[in-house]
Amino acid sequence: TILITGAAGQIGIELIIQLRKRYGNKNVIGIGRTTPPLAVLNQQCPGPFYLGVDVRKMNDLEGILKKHKDIDTIYHLAAILSGEGEKNPLQCWDVNMNGTLTVLEFAKKNGISRVFIPSSIGAFGSDAPRQAPQDCAMHPSTMYGVTKVAGELLGDYYAKKYGMRVRGVRLPGVISSEAMPGGGTTDYAVEIFYEALKNGKYECYIDADTAMPMVYMPDAIKAMIDLCEFEETENKKLTHYCDFNVTAFSFTPRQLAQKIQLFIPDFQITYKPDFRQKIAESWPDNMLDTVARQEWEWKPSFTFEAMVQDMIEKLRDRKKKQEVIIL
Ligand code: VAH
């Protein structure tokens with residue numbers, strides 16, 4: 001049985017759907033806060049979902065285990081992202097670090113050997129090379145980034161000291177069609193599609209020429225599950241645990257707008273950078289993910305163009321069906 005924290009979030013909602021398709025609805029437990037995507041989930045693959053569980057509280061997690069004794073894998077996605085985190089840094093530290101520590105202790109105590117903890121491009125600082133390598137000095141300038149580096153180190157510690165299968169990938173910005181991101185810096189790359197279809201225009205809070213690495217949600221989900229389930233053999237050992245760089249493409253808002261205009265010719269974009277511009281500038285333009293490609297055959301299947309086309313088709317289709325557009 002798999003437990004997913006943050007299961008109603010941008011990544012969580014699509015991860016729980018994929019895992020339920022693979023392993024059956026009742027074998028994938030979600031915990032999270034109530035947000036619209038639950039309607040999507042209950043339509044597509046209803047199953048055990050607990051609201052208001054606080055990942056910082058061991059008792060809350062023990063309560064879930066009492067109901068589902070055979071949990072053997074945890075995907076820990078509950079976190080406060082970079083933008084929100086700068087508005088309330090202490091809460092960001094508390095939720096991200098105490099949440100991760102409690103989840104790791106809970107897993108260790110209950111013999112749950114597989115724990116997946118995502119990291120992010122947010123773990124890099126402005127002193128990292130623009131094409132961020134797998135290994136370099138990590139000096140993030142956001143509290144979110146601090147918690148991502150600390151989360152990587154904490155996960156590595158539990159893997160080495162207790163022999164647990166704690167793993168994670170540094171995700172770039174994730175573009176998705178099912179749910180909005182929650183308070184990140186790369187959220188513009190999702191919002192822009194909704195606005196383009198709804199209003200034909202978008203005021204972007206990131207400068208036209210600031211590039212960031214990105215991945216389409218289906219590939220992000222594939223990376224997480226592939227790494228979490230990867231079985232090491234004698235001659236195929238992983239050299240990292242919780243910090244594998246993975247990415248698919250990198251683009252600027254200007255480049256994304258140009259691609260969208262191929263499908264929506266009169267789409268207009270304007271630029272009004274806000275506090276998140278500085279965060280975006282401190283992150284690398286792209287990440288080198290050769291180690292993940294070599295060690296566990298990471299390979300994205302969506303190109304930049306294919307992602308734009310799929311996003312527009314999916315949102316147009318939902319608009320046609322007058323389904324709720326989650327904004
Ligand atoms: C954020 N989407 O913007 C998240 C992510 C790569 C960035 O961690 O904060």
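When you go through Phe275, Phe230, Phe263 one by one, which is the residue that is of a type outside the set (Asp, Glu) and in contact with a strand residue (DSSP E or B) (Cβ under 9 Å, 6 or more places away or on another chain)?
Values: Phe275 fails: in contact with a strand residue (DSSP E or B) (Cβ under 9 Å, 6 or more places away or on another chain); Phe263 fails: in contact with a strand residue (DSSP E or B) (Cβ under 9 Å, 6 or more places away or on another chain).
Result of the check over Phe275, Phe230, Phe263: Phe230.
Residue count for the range 189-204 satisfying the condition of being over 16 Å from Pro265 (Cβ atoms) and in contact with a Phe, Trp or Tyr (Cβ under 6 Å, 6 or more places away or on another chain): 1. Annotation: of all residues in the range 9-22 being under 17 Å from Ile64 (Cβ atoms) and free of Cβ contacts under 8 Å to residues at least 40 places away in the same chain, the one that is farthest from the ligand (Cβ to nearest atom) is Arg20. Residues in the range 22-62 that are modelled with pLDDT of 85 or more, basic (Lys, Arg) and surrounded by fewer than 16 Cβ atoms within 10 Å (Cβ to Cβ): Arg22, Lys26, Lys57. Only one of these is part of a helix (DSSP H, G or I) and touching a Gly at 6+ places or on another chain (Cβ under 7 Å): Gly122, Gly99. Name it. The conditions single out Gly122. The residue that is farthest from the ligand (Cβ to nearest atom), among those in the range 272-313 that are charged (D, E, K, R), in a helix (DSSP H, G or I) and open to solvent by 80 Å² or more (accessible area, probe 1.4 Å), is Glu313.
One residue is enough: does the range 148-162 have a residue meeting the conditions closer than 17 Å to Cys228 by Cβ, assigned to a loop (DSSP other than H, G, I, E, B), open to solvent by less than 60 Å² (accessible area, probe 1.4 Å) and not hydroxyl-bearing (Ser, Thr, Tyr)? Checking the range 148-162: not a single residue is closer than 17 Å to Cys228 by Cβ, assigned to a loop (DSSP other than H, G, I, E, B), open to solvent by less than 60 Å² (accessible area, probe 1.4 Å) and not hydroxyl-bearing (Ser, Thr, Tyr). Are any of the residues in the range 222-239 part of a loop (DSSP other than H, G, I, E, B) and of a type in the set (Lys, Arg)? Yes, the range 222-239 contains a residue that is part of a loop (DSSP other than H, G, I, E, B) and of a type in the set (Lys, Arg).
In the range 87-96, how many are part of a helix (DSSP H, G or I) and surrounded by fewer than 20 Cβ atoms within 10 Å (Cβ to Cβ)?
Applying the first criterion (part of a helix (DSSP H, G or I)) to the range 87-96 yields 87, 89-96.
Subset that is surrounded by fewer than 20 Cβ atoms within 10 Å (Cβ to Cβ): 87, 89-91, 93-94.
Total meeting the criteria: 6.
Taking the range 129-145, which residues are in a loop (DSSP other than H, G, I, E, B) and within 13 Å of the ligand (Cβ to nearest atom)? Don't jump to the end; show me each part of the working.
Keep residues of the range 129-145 that are in a loop (DSSP other than H, G, I, E, B), which gives 129-130, 133-142.
Across the range 129-145, the qualifying residues are Pro140, Ser141, Thr142.
Of all the listed residues (Lys319, Lys259), the sole one being over 21 Å from the mean Cα position of the chain (by Cα), surrounded by fewer than 20 Cβ atoms within 10 Å (Cβ to Cβ) and modelled with pLDDT of 95 or more is Lys259.
The single condition from (1) without any contact (Cβ under 8 Å) to a residue 12 or more places away in the chain; (2) farther than 18 Å from Val215 by Cβ; (3) not aliphatic (A, V, I, L, M) that Glu281 fails is (1). If I ask for residues that are part of a loop (DSSP other than H, G, I, E, B) and among the aromatic types (Phe, Trp, Tyr), which ones from the range 253-271 would you list? Scanning the range 253-271 gives a single hit, Phe267.
Where residues in the range 107-128 are away from the ligand (no atom under 16 Å from the Cβ) and buried (at least 24 other Cβ atoms within 10 Å of the Cβ), which of them is nearest to the chain's Cα centre (by Cα)?
Initial filter on the range 107-128 (away from the ligand (no atom under 16 Å from the Cβ)): 107-115, 127.
Filter once more, keeping what is buried (at least 24 other Cβ atoms within 10 Å of the Cβ): 107, 115.
Numbers: Ala107: 21, Val115: 15 Å.
Going through the qualifying residues, I end up with Val115.
With respect to Ile192, is the statement that it is outside any loop (DSSP other than H, G, I, E, B), on the phi < 0 side of the Ramachandran plot and touching a residue at least 40 places away in the same chain (Cβ under 8 Å) true? It is true that Ile192 is outside any loop (DSSP other than H, G, I, E, B), on the phi < 0 side of the Ramachandran plot and touching a residue at least 40 places away in the same chain (Cβ under 8 Å).
For the range 209-226, a residue qualifies if it is over 14 Å from the mean Cα position of the chain (by Cα) and either closer than 21 Å to Glu295 by Cα or not hydroxyl-bearing (Ser, Thr, Tyr) (or both), and the qualifying residues are Asp209, Ala211, Met212, Asp226.
Tell me yes or no: at least one residue of the range 204-220 is within 16 Å of the ligand (Cβ to nearest atom), touching an Asp or Glu at 6+ places or on another chain (Cβ under 7 Å), of a type in the set (A, V, I, L, M, F, W, C) and open to solvent by 80 Å² or more (accessible area, probe 1.4 Å). Looking for residues that are within 16 Å of the ligand (Cβ to nearest atom), touching an Asp or Glu at 6+ places or on another chain (Cβ under 7 Å), of a type in the set (A, V, I, L, M, F, W, C) and open to solvent by 80 Å² or more (accessible area, probe 1.4 Å), one finds none in the range 204-220, hence no. Can you spot a residue in the range 166-179 that is buried (at least 22 other Cβ atoms within 10 Å of the Cβ), at pLDDT below 95 and not β-branched (Val, Ile, Thr)? For the range 166-179, residues buried (at least 22 other Cβ atoms within 10 Å of the Cβ), at pLDDT below 95 and not β-branched (Val, Ile, Thr): present. Restricting attention to the range 73-93, the residues that are over 16 Å from the mean Cα position of the chain (by Cα), more than 14 Å from Gly151 (Cβ to Cβ) and not aliphatic (A, V, I, L, M) total 6.
The values are calculated or read from the model by the stated rules, or taken from the named source; none is laboratory data. Being a predicted model, the structure only gives us computed values, none of them experimental. Every residue, glycine among them, receives a Cβ derived from its backbone with ideal geometry; neighbour counts consider all protein chains shown. Calculation scope for accessible area: heavy atoms of the full protein, side chains included, ligands and nucleic acids excluded. Shrake-Rupley method; radii C 1.70, N 1.55, O 1.52, S 1.80 Å.
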